[in-house]
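Data block below; observations after.
What follows draws every value from the coordinates through simple rules; no lab data is involved. Keep in mind the model is a prediction, meaning the values are calculated, not measured. Note that we place each Cβ from the backbone using ideal geometry, even for glycine, and neighbour counts take in every protein chain shown.
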């Protein structure tokens, strides 16, 4: 596989920008790009769909351009007719069969089937629609449905043969070939195994199938002529003295089988489940090439339907098959689904496809890692524009991405103040409002305890950093905090360390009787602490009327008398 190959989960595969075809990983070019050979062109799901014409990749004859880089076969409602091409063979849907004259075996199509399709656009013709993966004439289908109803009604009136069972037709006689002494039923079974299942009917004159003789030479045997096909082994080449399958072919059960899209002279060199058409191994129009280019994948029947590989989603435009479950065809982030066209259509402007920032035509947009145009950091997509978030530059408030916004210089305190022309204006919330980044909105700040709120930040300008929005109201958490001096403060018990008086807390209504003194919560003078009960209480000697006790009065009088006596003695000693 060489260039473009990698080992993933123990399996050799191609890198994301490469496609496996003709024995190696190749970097293919898109429609409209220069090429030198058909194999240079990206084919999505069918190698017959593209050709290199006049040095440029384009859709092949009989195919139409479904989306930017996908060509699909254009089909009609023609019945699946087979034609005898000559006395030496036949073609079934342009499928050459190696049969000697003169028994000709043809697939017998259902008279109501059209060719395979996946989307309505596959069907080329007036009134044609893709119904159950067949191109169908809508008007004819309606008429047939009415006819079927009439036939069923008529048949129900007929007398049954035996207790409601229809009469059985006599068995068809076996036909034997006089020359080979083989019956045609066995030949029919062999044809079915080689060229797919389906009803077969005998057409012609009676003869035999061509069965190639077994070769005595095999893949892997020694050979002499370097670069030449090995004798009696089709699609081989002599390389380094040994017989190998050519590029685009692989060894299986003694043969070099063809990969999808490669030329062969006989359908026996195509894998079962594939088609032999136009001397190539191919898939039906409603199937897709597997990445190994050997088998056909069933179709994904639209967006949000199961898939295993990217090719299955190719008929639906800008769609992909996710690498993780659930694996369903999904529109790329830069596309939206259009039911009318059954396509994922690329978006314009916001979320449009991009490779670099310069690809985004939307102002203030950038190219994201998902290759979509999104707003730059600090910008929001509002009303089909990328508008500035809080702090973003603006000309007017209409350039801001949130309501209640003002556009002014950060140094200006009100909208009436003037500003220097060189200083840019920026989006911000008006006075008394808080900007919530997660919701990109301005919220009114609380003006008093208990005001309505939705986030804590609305409460904190009023109640401090411990203010909270609890049950839609600005308040303090009473389990850990208490409201004092207009703020929410920590609850600090008596004798615990503190930094300010508002932190000290005692039970009851005596909050004014405690203070932070000497860096510890203590009761004020004239109050005694009850640490166990966390209270500040009056001393037992203090009466209820707040009048001084008799002991205190006597003490005060004695102290005053002592002061007077001492003063008198000092005066007499000085003047005497």
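Observations on the model:
- What the Cβ-Cβ distance of residue 528 and residue 478 gives, at R0 = 25 Å and to the nearest 0.05, is a FRET efficiency of 0.40.
- Mean Cβ count within 10 Å, highest first, over the residues of peptides 44-53, 443-452, 488-497: 44-53, 488-497, 443-452
- With Cα atoms defining each centre, region 354-395 and region 230-255 are spaced 57 Å apart in the structure.
- Here the Kirkwood formula, the inverse mean of 1/r across different C-alpha pairs, assigns region 1-74 a hydrodynamic radius of 12.8 Å.
- For region 265-309, the residues whose amide N sits under 18 Å from a probe point set 7 Å from the Cα of residue 324 along the beta carbon direction are 307-309.
- Of the residues 487, 387, the one with the fewest other Cβ atoms within 10 Å heads the list, and the complete ranking is 487, 387.
- Residues residue 357 and residue 298, FRET efficiency given R0 of 41 Å [Cβ-Cβ distance, rounded to 0.05]: 0.50
- Cα centroid of region 294-343 to Cα centroid of region 43-63, whole Å: 21 Å
- Whether region 236-297 is rounded, prolate or oblate, judged on the alpha carbon gyration tensor where a/c under 1.5 counts as rounded: prolate
- Cβ-derived FRET efficiency at R0 51 Å, residue 228 paired with residue 56, nearest 0.05: 0.90
- The modelled label-to-label distance for the pair residue 569/residue 217, using points 7 Å beyond Cα in the direction of Cβ, is 14.7 nm.
- Classified by the C-alpha gyration tensor, region 312-452 has a prolate form. Its axis ratio a/c, with a ≥ b ≥ c, is 1.5 or above, and a/b is larger than b/c.
- Among 395-403, 262-270, the order from most to least packed when residues are scored by Cβ within 10 Å on average: 262-270, 395-403
- Sorting 453-459, 529-535 by their mean Cβ neighbour count within 10 Å, with the most densely packed peptide first, gives 453-459, 529-535.
- Least to most buried among 571, 441, 239 (fewest other Cβ within 10 Å first): 571, 239, 441
- Seen through its C-alpha gyration tensor, with square-root eigenvalues sorted a ≥ b ≥ c, region 296-336 comes out oblate because a/c lies at 1.5 or above while a/b is not bigger than b/c.
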